[in-house]
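Note sheet for the following structure.
The values are calculated or read from the model by the stated rules, or taken from the named source; none is laboratory data. Nothing here was measured: the structure is a model prediction, and the numbers come from that model. Cβ coordinates were reconstructed from backbone atoms using ideal geometry, including for glycine residues, and neighbour counts include every protein chain displayed.
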């Protein structure tokens, strides 16, 4: 580490970019808009994947894999779908390189042009529903509950590590059902799975809601979502679950024989969460010293740093440290002993703070004499000396990790509560967005025109119509027309 | 299931293709050469991934993720590398679609042409070494031990499910070292990891060896491999590990400051195994009734099928079945109770045979009376009635699963031994390849010319120079020139 991070209060955006790079999470690649996810960043993503995958399987889904490429004509089959994605598609047109005749080196071989161009998948509804046509004949084949972990490409002009990249990693669930009710139930269930994951593992409080028509997925009848709030007061969509109605079934002619002997179009859902969650995790909890990771997603939960002069002291500390490591590991806690002699303790302290390791245990010769260790919490940046004769270290640490997980959530929750404000006049609404940020809860007349006008005027969009909103009659913040309940506005990532 | 599989003895290739489709492992996608890996097939691949990933981590590697796209100019930086891959590259030339002016629908937008065309990665050495240049400054940054799970694309003209597809899934390890010795040690270690995985999990005996120059990876100094034998006597390369020397370090100018204060090029390795392993697994063990899966990779290890008339019998059998399930699950055995009333027991028996479930437990009313169950082994197709008062079912089943794992390996091992033959004359050599197949162990003069000539004459290639071959002087099977040891020839997938 050369010098400290930029401060959040001075330049939140620069702070984020620098943190992502310095904490070894990700970096830009030589290919415009594509990122390299570095080993430390990827190990956090792997922990997210493992938990989500477990939750998907517990709700009856299995994984499969569909092709990276989609024939151009497939994309066009669902009208609003192609409209939503055509402008950001990477297109494969040739399949071979050759040496140029004029010494320019390797060039695309013009003779190896594809008959039909291929799209690199921006999402897989089309190729999957074209496959489902062969998999589904009767009600016995339903429900079909499939998920895929994959890379997708959306050619974005302005990119940011994790938040918006041309290629990103994600999972996309694609399910098929015999009835509308069942498909909606699945859509809601998966929104709830995402919310549970965000709250219990990412320590990230989220609002569950439905998107307005304007923000809906291209090809969906309804988009359910979870929305989180970042420390700069901007919202971030952290997962979406789409009720597709019969749109893709109709586009790809997927019908099933009903129990009663009829023939009907299948009902569909799709739902996804991506490496964008990494951006949300970083921005929600981290501080000016670096990452703050919830223990449940931290690749290293505890680091032990020896403070010593000379080999003999290190040797004695190591014996004790290894005892502690063994007892923590037996409890399933991931712990690392950093006995590198290439770096000083102070450097290591800063490094593990930057990397967001939830607990640091320091041990020096005095600690050995007194049978103590110094335990430092990353979330609160507090330290305490603990006497090992008075506690059982494995229980102490595991309780503390749980306490940290709760505390990180609680802090984010209180922030979100403080940053959610009702506005009843246009003046209040503009003021809040300009001077406070966060979620602004306000009445809206339900039209796309008004929503778009509000976006033009304030850069705020409707993040969602909360699932649990109360019925409340009021007047639209912009037009004064009647409304039956508030929606959440915010500027968003 | 409509009718039985084709027989291996009549048409091995058709048997394979049909088995892959009927056992729900994979199917061809609408995109030429790309496959859909179906849920059952993918669940086997997930088990393979989990074991390999564990073994990679145990040997000190971490996962990361590098971009799907590679700038065309990068591919050209290592001369033999571009030669090896240029002819099978999918090329992205544009990044947007638009509606055509003449009503043809959606077309590639000619104005959205990329300044530099992008290659869809066929393998990632180039993009990874261009990144390593920034990651490696000094000996302290080495070794760098990184793996990636990813999809890659090689535009193949003739494809077969799992064995050769335009897109496939794989892992690719890319490591960087301070010395030649350490890099070679890593290369050998990873070949051994693959061999251990193949033998212990896939129940697939493999020969460890080194490739001849002709079969070497484009850009490597040496390619180590594991070679397996399929039931039709053809060989299949099941994993490769490459010693890259300093080739990619030189191509991408990756140098490190040595401990002694010098500046040297870094030494590299790369190693990969792919969904091709699925093809190997299927072809090595399966029979005319369907898949035979080694228990360690079987998604369902035990299936319980009730044999009943009416709800009351099913109810009584279910109680007992659930007891058995609970005790098997407590031992970590994956077990499924198939109480569907839509299919008859005979249909289910055939279905689970087709799917390769290692053990089937059948229970009827007579079994309930006698406190017995019927246990059928998939590998031997034998059945026995077992009295539950005389055994502990969890221990019995878990011992049996281990026995099956051993037996499947043993059978494949004996087959391989019987199908490995020495040839000392050209006549013998040709006869063996034509009439017996398998590995033919023979002397070779060490030249590429001879190897190529032998391939032209017999379609056999040198699969490898076995690691453990004995020194033995002899004369080349084709030219009669001197040789110091035998190599393994075979026709191969």
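Residues in the range B:44-62 that are surrounded by 20 or more Cβ atoms within 10 Å (Cβ to Cβ) and in contact with a strand residue (DSSP E or B) (Cβ under 8 Å, 6 or more places away or on another chain) were compared, and the one that is farthest from the other protein chains (Cβ to nearest Cβ) is B:52.
Checked against the criterion of being within 26 Å of residue A:37 (Cα to Cα), touching a residue at least 40 places away in the same chain (Cβ under 8 Å) and within 10 Å of another protein chain (Cβ to nearest Cβ), the range B:91-112 contains not a single residue that satisfies it.
Taking the range B:228-239 as the range and being crowded, with 24+ Cβ neighbours inside 10 Å and out of contact with any helix residue (DSSP H, G or I) (no Cβ under 7 Å at 6 or more places or on another chain) as the test, only B:235 passes. Checking each residue in the range B:94-107 for being surrounded by 20 or more Cβ atoms within 10 Å (Cβ to Cβ) and out of contact with any helix residue (DSSP H, G or I) (no Cβ under 6 Å at 6 or more places or on another chain) picks out B:94, B:95. Scanning the range B:205-256 for residues that are part of a loop (DSSP other than H, G, I, E, B) and either at pLDDT below 95 or closer than 27 Å to residue B:131 by Cα (or both) yields a count of 10. The set of residues from the range B:482-493 being without any contact (Cβ under 8 Å) to a residue 60 or more places away in the chain and either surrounded by 19 or more Cβ atoms within 10 Å (Cβ to Cβ) or in the same structural domain as residue B:237 (by TED's automatic domain parsing) (or both) comprises just one member, B:483.
Restricting to the range B:121-143, give me the number of residues that are modelled with pLDDT of 95 or more and more than 25 Å from the chain's Cα centre (by Cα).
Count: 14.
Scanning the range B:307-356 for residues that are outside any helix (DSSP H, G or I) and in contact with a strand residue (DSSP E or B) (Cβ under 8 Å, 6 or more places away or on another chain) gives B:307, B:333, B:334, B:335, B:336, B:337, B:338, B:339, B:355, B:356. Scanning the range A:424-439 for residues that are touching a strand residue (DSSP E or B) at 6+ places or on another chain (Cβ under 7 Å) and under 16 Å from residue A:9 (Cα atoms) yields a count of 2. Among the residues of the range B:150-204, those identified as in a loop (DSSP other than H, G, I, E, B) and out of contact with any helix residue (DSSP H, G or I) (no Cβ under 6 Å at 6 or more places or on another chain) are B:156, B:157, B:158, B:159, B:165, B:166, B:179.
Note on the range B:15-43: among residues that are touching a helix residue (DSSP H, G or I) at 6+ places or on another chain (Cβ under 6 Å) and assigned to a loop (DSSP other than H, G, I, E, B), the one that is nearest to the other protein chains (Cβ to nearest Cβ) is B:30.
Applying the set (1) buried (at least 18 other Cβ atoms within 10 Å of the Cβ); (2) away from chain A (no Cβ under 14 Å) to residue B:161 leaves exactly one unmet item: (2). Filtered by the rule that a residue be away from chain B (no Cβ under 14 Å) and either touching a helix residue (DSSP H, G or I) at 6+ places or on another chain (Cβ under 9 Å) or assigned to a loop (DSSP other than H, G, I, E, B) (or both), the range A:1-14 gives A:1, A:3, A:4, A:5, A:6, A:7, A:8, A:9, A:10, A:11, A:12.
Within the range A:113-134, the set of residues being surrounded by 20 or more Cβ atoms within 10 Å (Cβ to Cβ) and more than 9 Å from chain B (Cβ to nearest Cβ) comprises A:121, A:122, A:123, A:124, A:125, A:126, A:129, A:132.
Out of the range A:63-81, which residues are more than 9 Å from every other protein chain (Cβ to nearest Cβ) and part of a helix (DSSP H, G or I)?
Residues satisfying the conditions are A:79, A:80, A:81.
Look at (1) within 10 Å of chain A (Cβ to nearest Cβ); (2) surrounded by fewer than 22 Cβ atoms within 10 Å (Cβ to Cβ) and you find that residue B:167 fails only one, number (2).
Considering (1) crowded, with 16+ Cβ neighbours inside 10 Å; (2) more than 30 Å from residue B:202 (Cα to Cα), the lone condition that residue B:343 does not fulfil carries the number (1). Among the numbered conditions (1) part of a helix (DSSP H, G or I); (2) surrounded by fewer than 21 Cβ atoms within 10 Å (Cβ to Cβ), the only one that residue A:479 does not meet is (1). The single residue among B:92, B:127, B:108 that is outside the structural domain of residue B:213 (by TED's automatic domain parsing) and under 17 Å from residue A:167 (Cβ atoms) turns out to be B:92.
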